[in-house]
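Colleague: Here it is, the structure, as structure tokens.
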Amino acid sequence: MQGTRLRSSAADPADAATASEAIVKARSFFYVCCGIFLLALAYHLGARSATAQGGLASVGEVQFDYGYTPWVAAVQGRILYLAQCDINPGPITDLHSSIPVPGTSPIIATNPAFGYPIVLLENGDVYRMDDVSTWTLKGNVFNGPTPATRETWGGVKARYRPGVSSTPEGK
């Protein structure tokens, strides 16, 4: 065994080049992973802080009727704000807020209705505030979902292709 030399991977230039390429690839993979992580973190923190920007009315309505004091209604979140204001310049002095409007669908319209406000939700529900602590569901403008029945493929063919029966021959 005197003439046998042990081969070292560090002594071979080809093995050293392969090892350094592997280190470079591992390092670049690490940097790509860090970049993706930081992008996800920035999106997560940005999306969370953007939700804190609120305070604007999402729906508003002003009702003018000859001979009556104008009413103003505005919705922020699920709360309706109602004010009776004078035509003369000056601050609003008679401001009321309601209890939250029932339901989870967004409010898309409101009407002050002389102190008995009405709200319309996106799903078609109509609520009216009868007093300061009660919302009453008056109905749905869409009258519920559109009825739909399942139909077989044979039924569809029979309806749209004349001469084709929905039942097999001989049965």
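No value in this document is a laboratory result; all are computed from the given coordinates. What you see is a predicted model, and the numbers here were worked out from it, not measured in a lab. Cβ placement follows ideal geometry from the backbone for every residue including glycine, while neighbour counts extend to all protein chains displayed.
Colleague: Relative contact order for segment 59-140: what percent, with Cα pairs under 8 Å and sequence separation of 6 or more?
Modeller: The value is 23 percent.
Colleague: Also: For ASP15 and ASN143 in the same chain, what is the full-extension length gain: residue separation times 0.36 nm, less their Cα-Cα distance, in nm?
Modeller: Full-extension gain reported as 38.4 nm.
Colleague: Enumerate the calculated ³J(HN,Hα) couplings along segment 96-111 in order (Karplus 6.51 cos²θ - 1.76 cosθ + 1.60, θ = phi - 60°), each rounded to whole Hz, writing x wherever the residue is Gly or Pro.
Modeller: For segment 96-111, the Karplus-derived couplings read 10, 10, 9, 6, x, 5, x, x, 10, 6, x, 7, 10, 7, 8, 9 Hz, x marking Gly and Pro.
Colleague: Let me ask something else. Could you sort the peptides 129-135, 36-42 by per-residue average Cβ neighbour count (10 Å cutoff), highest mean leading?
Modeller: Ranking, from highest mean packing down: 129-135, 36-42.
Colleague: Mind ordering 154-161, 106-113 by average Cβ neighbours within 10 Å, highest first?
Modeller: Output ranking for 154-161, 106-113: 106-113, 154-161.
Colleague: Nearest 20 debye, what's the magnitude of the dipole of segment 59-140 about its Cα centre given +1 on Lys and Arg Cβ and -1 on Asp and Glu Cβ?
Modeller: 160
Colleague: Further question: Please list, short to long, the whole-number percent of alpha-carbon pairs of segment 59-140 in consecutive 10 angstrom bins beginning at zero.
Modeller: Values per bin, smallest distances first: 19, 52, 24, 5.
Colleague: Can you compute 3J(HN,Hα) from phi for each residue in segment 29-35, using the Karplus curve 6.51 cos²θ - 1.76 cosθ + 1.60 with θ = phi - 60°, rounded to whole Hz and x for Gly and Pro?
Modeller: 4, 4, 5, 4, 4, 5, x
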